[in-house]
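As structure tokens, the structure follows; a few thoughts come after it.
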Amino acid sequence: MVKYATMFRSVQIALLMAMVITSPSVSQSASRDLRAVGTVVQAEKGGCAGTLIEPDLVLTAAHCLIGRDADGALYPASAYVFTPSDPDGSPRTGYRATTVAVHPVFLILPETASKRLRRDIAVIRLEKPIPASVATPIPLAPPDLYPETGFLLSFRGSKPGMMRQRTCPVIVEEDQVLILGCKVVGGESGSPFLVRMDGKLALYGVISSRMRIREQPVALAVVAGHAYDGLLRAMLSGQGRN
């Protein structure tokens, strides 16, 4: 996972306040929707998390899809497989990608550019839609929602195949990036930051990286709604990789 030693002013007090915010975990009534969160594996190697937002579209972090083979060539789309989760950790069928698209701004800016972080997001089109009986897509939340807290879901720090769920307060949202009061580790890139809307779950952010503020670990997430239009345009205009 990429580390960014940058940004964000005057968040120390907000960090201390956010760390004491608590809220209940995702309700049992919503837990079946969590099957839309799964793993994105690259060329049969360890990968990232991803979230089904349409029956054939998965959202993840852009840097998760920038992989090269032994010859230095970018992996083709067919090298990526998305596997939805199962509440009891049972094995699931994987769905191979047919196209992947990384936000174009992420590709053209140098790795040290803070603006690159705001577009660390990518979409995968699957070779076939996932049936609703297997996983129900989680819609995107409006980018101007400005939640105070939400839920981070990942597969690190838990039993193999089992999802880890925890509450994350929003410390601050600045320039289309969220700073979350949660510690994340390598392998949690692409994990969704979910919020409740009208009793249902919606995807607000995608985990990109991590940093420390006054020795406190925090997670950085892209606000998905801000970046998604440009990402989808890249795919539809043929900029995606097949």
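Miscellaneous remarks
- Test: residue in region 117-125 that is over 14 Å from Val206 (Cβ atoms), modelled with pLDDT of 90 or more and either in contact with a Lys or Arg (Cβ under 9 Å, 6 or more places away or on another chain) or in a helix (DSSP H, G or I) (or both): no
- Cross-chain or 6+ apart pairs with Cβ under 6 Å, region 25-48 first and assigned by TED's automatic domain parsing to the domain that holds Phe151 and within 17 Å of Tyr204 (Cα to Cα), then of a type in the set (Phe, Trp, Tyr) and modelled with pLDDT of 75 or more: Val26/Phe151
Residues are listed down the side, and each one gets a yes or a no for (1) modelled with pLDDT of 75 or more; (2) outside the structural domain of Ser189 (by TED's automatic domain parsing); (3) outside any strand (DSSP E or B):
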| position | (1), (2), (3) |
| --- | --- |
| Ile53 | yes, yes, no |
| Gly72 | no, yes, yes |
| Pro87 | no, yes, yes |
| Ala101 | yes, yes, no |
| Leu107 | no, yes, yes |
| Pro143 | yes, no, yes |
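Table: residues versus (1) in a strand (DSSP E or B); (2) modelled with pLDDT of 90 or more.
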position	(1), (2)
Ser158	no, no
Met162	no, no
Gln165	yes, no
Pro169	yes, yes
Cys182	no, no
Gly187	no, no
Gly190	no, yes
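- Filter result for Pro129 (within 19 Å of Val58 (Cβ to Cβ) and surrounded by fewer than 22 Cβ atoms within 10 Å (Cβ to Cβ)): yes
- Of the residues screened, Ala5 is not one that is assigned to a loop (DSSP other than H, G, I, E, B), under 29 Å from Val102 (Cα atoms) and modelled with pLDDT of 50 or more.
- Among (1) modelled with pLDDT under 90; (2) not assigned by TED's automatic domain parsing to the domain that holds Arg166, the one test that Leu16 misses: (2)
The values are calculated or read from the model by the stated rules, or taken from the named source; none is laboratory data. On a predicted model such as this, the values are computed, not experimentally measured, just so you know. Positions of Cβ are generated from backbone atoms using ideal geometry, with glycine treated the same way; all protein chains shown enter the neighbour counts.
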